[in-house]
Amino acid sequence: GLKQELFHRHKEAQQCCRPYNLPLLRAAQQREMEAVEQRIREEQRMMDEKIVLELDQKVIDQQSTLEKAGVSGFYITTNPQELMLQMNLLELIRKLQQKEAEAEKAF
């Protein structure tokens, strides 16, 4: 939205500009557009970092909850191999629960 608004503003300014000032105006507009794009990239990076931190916290909360519940193999860790093992354990638990639910429906 910000880029589109800037683009329209630039277009209007170019239409009102004297021909001999057009190169200077375009150069200034190019710098302004690059600054806006840089700002957008930075905000996007900060948002991505925030999301990753929130996901990391969710993982820690889940590990803590499962550890407190006494589920074997679960404890707070950031080791990628141990995280993968815990993810596989969760998937196995989910599949077993799904099979159990299907078996109950059969009876």
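The values are calculated or read from the model by the stated rules, or taken from the named source; none is laboratory data. Every value quoted in this text rests on a predicted model; they were computed, and no experiment measured them. These area figures cover heavy atoms from the full protein model, side chains too; ligands, DNA and RNA do not enter into them. Shrake-Rupley method; radii C 1.70, N 1.55, O 1.52, S 1.80 Å.
In the chain, the portion of solvent-accessible area held by carbon and sulfur atoms comes to 58 percent [1.4 Å probe, whole percent, DNA, RNA and ligands not counted]. If one takes the longest principal axis of the Cα atoms in the chain, at what angle in degrees, from 0 to 90 and to the nearest 10, does the Cα axis of helix 80-106 lie? Roughly 60 degrees between the two axes. Ligands, DNA and RNA are left out, and with a 1.4 angstrom probe the accessible area of the chain is 86 Å² per residue. In terms of overall dimensions, region 2-72 has a Cα radius of gyration and Dmax of 23.6, 77 angstrom.
As an equivalent ellipsoid, region 50-107 spans semi-axes of 27, 12, 11 angstrom, where each value is the square root of five times an eigenvalue of the C-alpha gyration tensor, largest first.
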